[in-house]
Each structure stands twice: as C-alpha cells, then as structure tokens.
1. Fully extended, how many nm does the chain gain between Lys253 and Asp77 (0.36 nm per residue separation, minus their Cα-Cα distance)?
2. Would you be so kind as to identify which of Pro406, Tyr125, Ile259 lies farthest towards the positive end of the dipole of the chain, taking Lys and Arg as +1 and Asp and Glu as -1 on Cβ and the Cα centre as origin?
3. Roughly how big is region 293-421's charge dipole about its Cα centre, with Cβ charges of +1 (Lys, Arg) and -1 (Asp, Glu), in debye to the nearest 20?
4. Among Ser200, Ser121, Ser297, whose mean-square fluctuation peaks in a Gaussian network model of the chain (Cα, cutoff 10 Å)?
5. Which of Ser78, Trp316, Ala350 sits farthest toward the positive end of the charge dipole of the chain, with +1 on the Cβ of Lys and Arg and -1 on the Cβ of Asp and Glu?
6. Tell me, what is the percent relative contact order of region 100-374, built from C-alpha pairs under 8 Å that lie six or more residues apart?
7. Quick check for me: using +1 on Lys/Arg Cβ and -1 on Asp/Glu Cβ, what's the dipole size of region 100-374 about its Cα centre, in debye to the nearest 20?
8. If amide H atoms are built 1.01 Å from N in the plane of the peptide, which residues on other chains or at least 5 residues away come under 5 Å of the amide H of Ala330?
Amino acid sequence: MNSGPDRALSAPTAPEDAMSSTSPSSTSGSKTGSTTLITNIASLVTNDSSLGDRSPLGLIQDAAVVIDGDRIAWTGDSRKAPATDNRVDAGGRAVIPGFVDSHSHLVFAGDRTQEFNARMSGRAYSAGGIRTTVAATRAASDEELERNLTHYLAEALRQGTTTFETKSGYGLTVEDEARALRIASAHTDEVTFLGAHIVSPDYADDPAAYVALVTGEMLDACAPYARWIDVFCEKGAFDGDQARAILTAGRAKGLHPRIHANQLSYGPGVQLAVELDAASADHCTHLTDADVDALASGATVATLLPGAEFSTRAAWPDARRLLDAGVTVALSTDCNPGSSFTSSVPFCIALAVRDMGMTPDEALWSATAGGAAALRRTDIGRVAPGAYADLTFLNAPSHVHLAYRPGVPLVREVWRRGVRV
C-alpha cells in the first residue's frame, strides 16, 4: 500500500520505484508453504534486544527479513539471508514493526467540529460533549457505523497501524452497546466494552441504577463480543468505588480490565488499575509519586495519548518521569470525535518526542512493543522470529524521521500477516 503519490523524501540509496519483487507471487505477500525475503533494508527495528545492536529497538543495519506464511521466520544481516521462494527489494528504506494502537473509540457517528472550533477560539461551548456523539450514534444505522469504522481503519492502516483496539461507549443502552461491539468484533479481536464511558443521559438522576445496568444486563449482552472491559474513572464520570464494581463484574464474566485513569485530575484510577492487575491505565496525565511507584512495581502499562492533550490544549503527560521510574509506556491515538480526532500514530510519536520528553527510540518502541504490552501480547509489535509479519516501510532511511519530519506522509507500504496491503 502506498500512502499516495511519491513524495520528495525517498530512500537515499534507491529511487522511488526500487521497492520491487522478483517473483509475481510476492506481490501479494507470503503464502502458506512459501517464503519471502525482504532485503536491502537500510535499518530494521526488531524490538528484540537480543538482536542487532542489542538496544531495546534491536536495530539491524543493512538488514533482511524472511517471512514464512504469516510469521517472521528470520531477521539479520542481508548478506547472511537464507534462500527463499520470493524476494522483495525494500529500496534502502527503514522497516519498523506495524504500529499497535491500543486505545481508540472508532464506533460512532457524527462529529464535533463546532465544539473543537469553539475550544480553539476560546469560546464557551456547551452542546453536550460525549452526549452529542451518543445521540448521533444511537440514531445511526448499522450500515453507517460500519462504514465509518472501516473508513477510519483504512485511514489508520495507510499510516502504518496493523493492530488496533477499539471500544464501545457511544451507545450507553444495552442494545446500542452490544451493537457497537458486534460491529467492532468483525474487524478486530481487541474489543473493549466501555458502557461506563459516562453515566447515560437516561440515568442522569440515578447514577447507581446505571452502574447496576452496566454490571448486569448490559454486561451480559456485551461480554460475548468483547475481550476487555474499561471505565472512565474521573470526576463527573465514575468514582473509584463505582469503577471497582464495574471492572470486578467484568472480570467475573471473563473480561480483562483496562481503565481511563487520571486524565483530568488526580484520582484513584491508577491505583485501582494496579490493584486489579489491569492491562493498561490510559491517559495518566495527573500522577502522584505513589501512582508512579505503583505502576513501576506492577504489570499495568501506562498508555499515553498525546492527541488528547494536543486537541484540548491540556497539560502533557510526563513520559520522562514514567520511563525513568521503570514504567512500561505505550503510545496510542485515542482516536475519537471529541478530544483526539486523529488516527495517525506517527503524529502521536512526533508529539511525544516534542512535548512529552521521549526520545525517538522510546516513542517508536512505545507505539509498537508498548502497545502490544498494553494488549498483553507478544506476537505483535516486533519483527522477530515467531511474531506476526506486520511491517511498515518508511520513505526514510531511519525511524527517527517519524519525529524529525512531523506531518510528512512517510509510510510507503504496509504488510499485515505476511501480506502486502
């Protein structure tokens, strides 16, 4: 997949059309029973510290990759590559793992352009926020929701995302939440039940009754379509006790917990995430020293979502503080129509480097292997034997260009599960 017409930035060692195959079958990627060699890679990010330069990125210069079926079979020096059925010339480009976007909200209808415009203009605007999207989503047909979802997935894929998580949370009725998850589950296994996004407008006067609905009938209807359960633990949404009840009920139904935590203010979300062994605590903008220590001592990943801070002009999360404490950090888009309407992981990488204290290496790792850790997976987010063959080719000699050249469409081609898409 090309990201559009060839741009001025091309690999320094090859022309734009140098990415070619020597076997017709390799134009559609590797198939079961056949192997494909991708060679002439200027720099390969493996995210395996036992490979290459032994850094966390496991960087290999002048590299090659062998794909067997949908998996990586070999990586290393291109001069030592084994024989294969098919051969692809990467044209001297950088190759990185496909991005793992572990936090998005893609099943929705409508947009909130007026809200964003007012916010950026410094004007008061009280048209409903999330409730605006809830109303539009409830009114939309299944076909419209499906069409919107596939549009944003294609948009993300063009920018190098090969794995994504997405949530419900814009229906807030039993039927609408289950519908959102059913639609999402046709596109990804990483589906999250977020009936506890806000208290439904239908229960504005009785939040306790809504929590009972979320943990009862709504959970029963939604659990078959989801792997995860999430809650927005924040003032104005759900407090610590409510969040614990929701996540505990979900866990009893076989759903693994994640949590929107400490985005708008200090609160109990991060501590609750660690207590319940949540896979991820997301946002993590306002953290005490105790919160950071808890994350560092547990298995919960801190997922940072700089698109939200960019789009709301809020304070940035302190990624440097988390990384220096030994916390595992993921970097994701939070793609949603209200507070972070971007599907671009490269854009979020640039923000993280510029405004959150991350190095280019750390930001890339967090957007690939970190995202995989937030989904508790080891078969994605790396280019190493046994992992899925999810690859992103850059029109650049190094992954550093993702932050060095912000806003430039650097993704040349994407392979997913061993197939060029």
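All of the numbers you see were taken from the coordinates with simple rules; none came from a lab. These numbers were taken from a predicted model, which means no experiment stands behind them. So basically every Cβ, Gly included, is an ideal-geometry build from the backbone, and we count neighbours across all protein chains shown.
1. Details: separation 176, 0.36 × 176 = 63.36 nm, distance 4.72 nm.
My answer for the length gained is 58.6 nm.
2. After comparing all options, I get Pro406.
3. On the way: 12 positive and 11 negative charges, 83 e Å.
Computed about the Cα centre, the dipole is about 400 debye.
4. It is Ser121.
5. Result: Ser78.
6. Relative contact order comes out at 18 percent.
7. Values: 20 positive and 36 negative charges, 91 e Å.
The dipole magnitude comes to about 440 debye.
8. Those lying under 5 Å, H to H, from Ala330 are Ala302, Thr303, Leu304.
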